[in-house]
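Everything on this sheet refers to the single structure shown next.
Coordinate-derived values only; no laboratory data. Predicted model, so just to flag it, every value in this text is computed and none were measured. Every residue, glycine among them, receives a Cβ derived from its backbone with ideal geometry; neighbour counts consider all protein chains shown.
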Amino acid sequence: RTVPQKMANATHHETSSRSDPSFLWFGITERMQESMCLFHYITQLPHQPMEHKRYKTCRPTAYWEDRHRRRVYGMEANSDVIIFRVANALLDARLEWMKRDAQAKKVDGRK
C-alpha cells in the first residue's frame, strides 16, 4: 500500500492548520517517537526535536490495579480498548511500509 498522495504532498501550512479538514494525523502516546518519525517521513517536513513533555515514561494505565484492568478488559466490546489495539496495528503496518519504502529508495538511489 502507498500513503495517500494528499498526505505525502502535505505542506507545512496544511499540517499546521487546525481548520483544514483534509489532513488528519494522530499519534499513540506510548509510541510517540515512532509516531513522530512516521509523521515526518510521510509529510517530508523537517524534523523538529520533540518537546520533553511529550515523552511518556509509563502507560496511562500503569497505576491501575488488577481489579481496574479486569473491569475495563471485561467491557472490551464496549470500550476504547479495541480502538487502541487497531491504532497500534495501523501504526505497525505504517512503520513497516515506511521501512520498506526507505529501503527501496536507498536501493534506487532516491532520497
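What ranking, highest mean first, results for peptides 93-99, 63-69, 22-28 when packing means the other Cβ atoms within 10 Å averaged over each residue? If you can, show how the numbers build up before the last one.
On the way: 93-99: 13.9, 63-69: 9.4, 22-28: 12.1.
Going by the mean number of other Cβ atoms within 10 Å, highest first, we get 93-99, 22-28, 63-69.
Counting only residues 5 or more places away or on other chains, whose amide H sits under 5 Å from the amide H of Ile28 once H atoms are built in the peptide plane?
Here Ser35 satisfy the definition.
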